[in-house]
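Read the figures in this text as sums done on the coordinates, not as results from a lab. Keep in mind that this is a model prediction, so the values were computed, not measured. Note that each Cβ is placed from the backbone with ideal geometry, even for glycine, and that neighbours are counted across all protein chains shown.
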Amino acid sequence: MYKIAVIPGDGIGTEVINSGVEVLQALSKIVPNLPIGFNHFDWGAKYYKENGVMMPDEGVDELKDYNAIYFGSAGVPDIPDHITLWGLRLKICQGLDQYANLRPVKLLPGISSPLKNVEEKDIDWSFIRENSEGEYSGIGGRSHRGYSNDTAMDITLFTKQGVERIQKFAFEIARSRPRKLLTLVTKSNAQKHGMIMWDEIFKEISEDYRDVNTDKMLVDAMTTRMVLDPKSIDTVVASNLHADILTDLAASLSGSMGIAPTANLDPDKRHPSMFEPIHGSAFDIMGKGIANPIGSYWSAVMMLENLGELQAAQKLMFAIEKLTKDKKVLPKDLGGTNTTKQITKAMIDIISGKNN
Ligand code: ATP
């Protein structure tokens, strides 16, 4: 029995993850030998208001007993974002050393990109985000708060070990894909210490991956390339901040923020990995029942792949693609009129063969 820790969190996170769990339960009934057990954790903003922390201190250790973590989002309007982010999602990612953040980006059948003249095959990217250090190292400080010389500092940290492991992971992903093309995103023209090391290590590692073609882009130029020449991109590796920004752009170019999935991986498999849609709590639509749950389904596909359940993963991906291709039941952000509940039902019908 696979033990999945379910942390719906806040806002639309709860809506889309509950939908994803229902869909996975339906899947486990029809795929032979896919026993999944879910344990729900009520961590998040409500827990914070009652206990003063987003999750208990021993929570990270508790998660080590699970095969995977299925996460929604963290954040509500009346608690500062840095408290909700650092208190839950980043606490788990860093506590379990999930150093590789993998974000597939594809134009699903039936979905149109805001870009002109772009076909389905033109957007098929794999983004790898460094997930443990860089600009989000958490090191820094603040002094003289409230005075005219108020001063704040965030330190960007690059370690040789941290850079090597994420770039090797990216080369492995690039090698496993048909085009074998890896783009390094950098900003070494302006950031002349960490980013220079980032570039140097990339060059060294590339010697061991001569079958992978490489190129290098400044992060600002990368945004332009994604918009003007999407076909030229395949696998991309970037620092924590750069990839955070680029993948929001990537999600929008592939149709909507509501579709995109992500995996926070410990590639060394010492600890469970965590799977989540890339969007946040989306305060503007939370509680309305109209959140697009496709990102949570696609995250579940990644979770099944990580567990080695390839047949179940394929079946779920097929169901997502059928849903978007048929266009009969779609959420508002994809031009439809359906609620999260109606989409959940449509997915369960596809999976159980009632809608083929
Ligand atoms: P973050 O935690 O990244 O700050 P956020 O809540 O500020 O998150 P995002 O999740 O980045 O916002 O989403 C931006 C907007 O995109 C939302 O306000 C919402 O309108 C839309 N959106 C995001 N996800 C979905 C979804 N699953 N379904 C429908 N609309 C969505």
task = Being surrounded by 21 or more Cβ atoms within 10 Å (Cβ to Cβ) and within 6 Å of the ligand (Cβ to nearest atom) is the filter here, so list the residues in region 283-294 that pass it.
result = Ala291, Asn292
inquiry  = It is to be established whether one or more residues within region 201-209 are away from the ligand (no atom under 16 Å from the Cβ), among the hydroxyl-bearing types (Ser, Thr, Tyr) and over 30 Å from Ile69 (Cβ atoms).
reply    = yes
key: Ala346 being touching a strand residue (DSSP E or B) at 6+ places or on another chain (Cβ under 9 Å), in a helix (DSSP H, G or I), crowded, with 16+ Cβ neighbours inside 10 Å and without any contact (Cβ under 8 Å) to a residue 60 or more places away in the chain   = yes
note = When every residue in region 1-60 that is of a type in the set (Gly, Ala, Ser) and over 18 Å from the mean Cα position of the chain (by Cα) is compared, the one farthest from Ser281 (Cα to Cα) is Ser28
ask   = Being loosely packed, with under 14 Cβ neighbours inside 10 Å and of a type in the set (A, V, I, L, M, F, W, C), is that true of even one residue in region 161-168?
value = no
ask   = Do we have Met222 as away from the ligand (no atom under 16 Å from the Cβ) and either in a helix (DSSP H, G or I) or without any contact (Cβ under 8 Å) to a residue 24 or more places away in the chain (or both) here?
value = yes
task = Would you check which residues across region 5-33 are of a type outside the set (Asp, Glu) and within 17 Å of Arg89 (Cβ to Cβ) and list them?
result = Ala5, Val6, Ile7, Pro8, Gly9, Gly11, Ile12, Gly13, Thr14, Val16, Ile17, Gly20
